[in-house]
Amino acid sequence: MASALINVPKKARRGDIIEIKTLMSHIMETGYRHTAAGQVVPRDIITSFTCRYNGEEIFRADLFPAIAANPFFTFFTTATESGKFDFEWIGDNGFSETVSATIVVE
Amino acid sequence: MRKSEGSTRRRFLEFAGSAAVIGVVPVVSLRPVAATPDTMAAAIRTVIGSAVVQTGKVKLDIPPLVENGNTVPMTVSVTSPMTANEYVKSIHVFNEKNPQPNIGNFYLGPRAGRAQVSTRIRLADSQKIMAIARLSDGSLWSVTAEVVVTLAACTEEVI
C-alpha cells in the first residue's frame with residue numbers, strides 16, 4: 001500500500017511564495033537490476049507526478065529510473081486564493097495515487 | 001636448510017594459486033550497458049530540438065562527492081523573473097553514464113513564484129550532470145556539474 005507525505009503550509013498571505021514538499025513511498029525499481037539467478041527485475045516506477053492548485057496545473061514532473069526510491073519533490077507556488085492542492089502520481093503496473101491538501105489564503 | 005620442506009610448501013602455493021584462478025573465471029560482470037555522452041547528447045536533442053543552448057542562469061546544487069549513488073539530493077534553480085510574461089517553462093536534467101540518459105523533466109509555470117525544484121536521484125557512476133532550463137521566450141540555458149560517486153546505484157544484485 002502506497003502512502004504519501006505532503007507538506008503544504010496551512011495558512012499563507014496572498015502573494016506569498018510557498019514551498020511544497022511531497023514524498024510518495026514507492027520502490028522505483030529501475031529495470032536494470034538482476035537477481036542472483038541472473039534474471040532482470042522488471043521495471044516498476046512512477047512515471048508522472050502532477051500538482052494542481054484549485055484545478056489548475058502548477059507543477060508536473062516526468063520521472064525516469066534515475067529518480068531515487070520514494071520520489072521526493074520540493075517546489076514553489078504563489079499563494080493566490082484559499083482552496084485545494086491535488087497531487088497525483090501515475091506509474092507502471094497501473095499505479096495511481098491521489099492526495100489533497102487545503103490552504104487558507106488571507 | 002631442509003630443502004624438501006621448502007619445495008612442498010612451494011608446490012602447495014602453486015596448487016592454491018591455480019585453484020584460485022579457476023575459481024575466479026566463472027564470475028562475469030552483470031553491469032547493464034551504460035548511456036554514453038553521445039546518448040546524453042541525443043536525449044537532449046529529442047527534448048530541445050536543434051535550438052541553441054547557452055550557458056548560465058541555471059544553478060545545480062549537488063554534492064561533488066557522493067558516497068551512496070542510490071539517493072543523491074539535487075536542487076536545480078533558475079535565475080529568472082516569474083511573472084505572467086516572463087517565466088521558466090521547464091527544467092530538464094540529464095546524465096552521462098546511467099543506463100538511461102534522462103533523470104527528470106520538470107514543468108513549471110508563471111504561478112511557481114520561484115524557479116526551483118529539489119529531488120533525489122540515482123547515479124550509477126562518477127559522471128557529469130546537465131540541467132537545461134527553457135524560458136518563456138524560448139531561450140535555453142544550461143549548467144553542468146561533475147559528481148564523483150563511491151557506491152554506484154542500479155548495479156547491485158537483488159537477494
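The values are calculated or read from the model by the stated rules, or taken from the named source; none is laboratory data. Note that the coordinates shown come from a computational prediction; the quantities given were computed from them, not determined experimentally. Quick reminder, even Gly has a Cβ in these numbers, built from the backbone with ideal geometry, and neighbours come from all protein chains shown.
Here is a list: A:Ala79, A:Ala37, A:Ala68, A:Ala12. Which entry is over 15 Å from B:Phe106 (Cα atoms), exposed (fewer than 14 other Cβ atoms within 10 Å of the Cβ), within 14 Å of chain B (Cβ to nearest Cβ) and among the hydrophobic types (A, V, I, L, M, F, W, C)?
Values: A:Ala79 fails: exposed (fewer than 14 other Cβ atoms within 10 Å of the Cβ); A:Ala68 fails: exposed (fewer than 14 other Cβ atoms within 10 Å of the Cβ); A:Ala12 fails: exposed (fewer than 14 other Cβ atoms within 10 Å of the Cβ).
Answer to the selection: A:Ala37.
Scan the stretch B:85-116 for residues that are over 18 Å from the mean Cα position of the chain (by Cα) and either at the interface with another protein chain (Cβ under 7 Å from one of its Cβ atoms) or crowded, with 24+ Cβ neighbours inside 10 Å (or both) and report the count. Total meeting the criteria: 10. Restrict the check to the stretch A:84-102 and report whether at least one residue is surrounded by fewer than 16 Cβ atoms within 10 Å (Cβ to Cβ), over 15 Å from B:Arg111 (Cα atoms), facing chain B (nearest Cβ under 9 Å) and out of contact with any helix residue (DSSP H, G or I) (no Cβ under 9 Å at 6 or more places or on another chain). No: the stretch A:84-102 contains no residue that is surrounded by fewer than 16 Cβ atoms within 10 Å (Cβ to Cβ), over 15 Å from B:Arg111 (Cα atoms), facing chain B (nearest Cβ under 9 Å) and out of contact with any helix residue (DSSP H, G or I) (no Cβ under 9 Å at 6 or more places or on another chain).
Which residues, taken from the stretch A:31-56, are of a type outside the set (A, V, I, L, M), under 18 Å from the mean Cα position of the chain (by Cα) and either part of a loop (DSSP other than H, G, I, E, B) or under 16 Å from A:Asp86 (Cβ atoms) (or both)?
If the condition is that a residue be of a type outside the set (A, V, I, L, M), under 18 Å from the mean Cα position of the chain (by Cα) and either part of a loop (DSSP other than H, G, I, E, B) or under 16 Å from A:Asp86 (Cβ atoms) (or both), then A:Ser48, A:Phe49, A:Thr50, A:Cys51, A:Arg52, A:Tyr53, A:Asn54, A:Gly55, A:Glu56 are the ones that fit.
Screening the candidates B:Val147, B:Val143, B:Val72, B:Val78 for the property of being within 14 Å of another protein chain (Cβ to nearest Cβ) and either more than 11 Å from the chain's Cα centre (by Cα) or under 27 Å from A:Glu81 (Cα atoms) (or both) yields one hit, B:Val78.
Applying the condition of being in contact (Cβ under 8 Å) with a residue 40 or more places away in the chain and part of a strand (DSSP E or B) to the stretch A:89-101 and asking which residue is nearest to A:Pro65 (Cα to Cα) yields A:Gly91. Scanning the stretch B:32-69 for residues that are part of a loop (DSSP other than H, G, I, E, B), away from every other protein chain (no Cβ under 14 Å), under 18 Å from the mean Cα position of the chain (by Cα) and at pLDDT 90 or above turns up just one, B:Pro64.
Return the only residue of A:Ile45, A:Ile58, A:Ile18, A:Ile27 being farther than 23 Å from B:Asn68 by Cβ, in contact (Cβ under 8 Å) with a residue 24 or more places away in the chain and either more than 9 Å from chain B (Cβ to nearest Cβ) or of a type outside the set (D, E, K, R) (or both).
Values: A:Ile45 fails: farther than 23 Å from B:Asn68 by Cβ; A:Ile58 fails: in contact (Cβ under 8 Å) with a residue 24 or more places away in the chain; A:Ile27 fails: farther than 23 Å from B:Asn68 by Cβ.
It is A:Ile18.
Being more than 23 Å from A:Lys21 (Cα to Cα) and of a type in the set (A, V, I, L, M, F, W, C) is the filter here, so list the residues in the stretch A:33-65 that pass it. Residues satisfying the conditions are A:Ala36, A:Ala37, A:Val40, A:Val41.
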